[in-house]
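*Asks:* Mind having a look at this structure? Questions to follow.
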Amino acid sequence: MLQSGIADAWGMVLTVFASGCVGGLVNAVLAGQLELPKRDTQAGVYRPGWLGNLLIGGVAAAVFWGLYGPMASAILMGPANAGGAAAILRVSDLVGALLTGVGGGRLLTAELEKRVLARETQQFERTKNELVLTVKDLIQR
């Protein structure tokens, strides 16, 4: 009986993870990032592309479901007691996993955009300072 419960629980974790992956893919589509992972040397960042969104969405969904879902108090290993949680997966849990996947992908996208913006700001400041020095040099001639 315990072995069956563990298999059911892990099957649910994988189902929630897959639903979160779909959510991450939806985020990649919404953000216009249907690209393969690559290193952006110009911006100096790694762009995880749709695969990164997919993975982050899946992990985020599984983590949130594991922390706050009906299985949060389930015993996966060790002696089971009569008060243990039953292995169930509700439609709301699955849809919540999809939404969490979109949110997790959004977090990844926002962090990447923040890093790119910071690098662009640094480059802009350097260019501005060089321009100021060049103008001062021209005025002094």
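*Asks:* Quick check on my filter: what residues within segment 56-73 are surrounded by fewer than 20 Cβ atoms within 10 Å (Cβ to Cβ) and part of a helix (DSSP H, G or I)?
*Replies:* Hits for segment 56-73 are 59, 63, 66, 67, 68.
*Asks:* Which residue out of 80, 97 is of a type outside the set (D, E, K, R), at pLDDT below 85, surrounded by fewer than 17 Cβ atoms within 10 Å (Cβ to Cβ) and more than 24 Å from residue 117 (Cβ to Cβ)?
*Replies:* Just one listed residue meets the conditions, 80.
*Asks:* While we're looking at this one, here's another question. Restricting attention to segment 92-141, which residues are among the acidic types (Asp, Glu) and in contact (Cβ under 8 Å) with a residue 60 or more places away in the chain?
*Replies:* Within segment 92-141, the subset among the acidic types (Asp, Glu) is 93, 111, 113, 120, 125, 130, 137.
Answer for segment 92-141, where residues must be among the acidic types (Asp, Glu) and in contact (Cβ under 8 Å) with a residue 60 or more places away in the chain: 93, 120.
*Asks:* Exactly one of these conditions fails for residue 7: (1) part of a helix (DSSP H, G or I); (2) under 20 Å from residue 99 (Cβ atoms). Give me its number.
*Replies:* Going through the list (1) part of a helix (DSSP H, G or I); (2) under 20 Å from residue 99 (Cβ atoms), residue 7 breaks only (2).
*Asks:* Can you go through 34, 51 and tell me which one is in a loop (DSSP other than H, G, I, E, B) and surrounded by fewer than 20 Cβ atoms within 10 Å (Cβ to Cβ)?
*Replies:* 34
*Asks:* Taking segment 20-31, which residues are crowded, with 23+ Cβ neighbours inside 10 Å and modelled with pLDDT of 90 or more?
*Replies:* 21
*Asks:* Among the hydroxyl-bearing types (Ser, Thr, Tyr), part of a helix (DSSP H, G or I) and modelled with pLDDT of 80 or more: does that describe residue 109? If you could, list the steps in order and put the result at the bottom.
*Replies:* Numbers: among the hydroxyl-bearing types (Ser, Thr, Tyr): yes; part of a helix (DSSP H, G or I): yes; modelled with pLDDT of 80 or more: no.
No; evaluated as a whole, the condition is false for this residue.
The values are calculated or read from the model by the stated rules, or taken from the named source; none is laboratory data. From a predicted model like this one, the values you see are computed outputs, not experimental measurements. Glycine also receives a Cβ, built like all others from the backbone with ideal geometry; neighbour counts cover every protein chain displayed.
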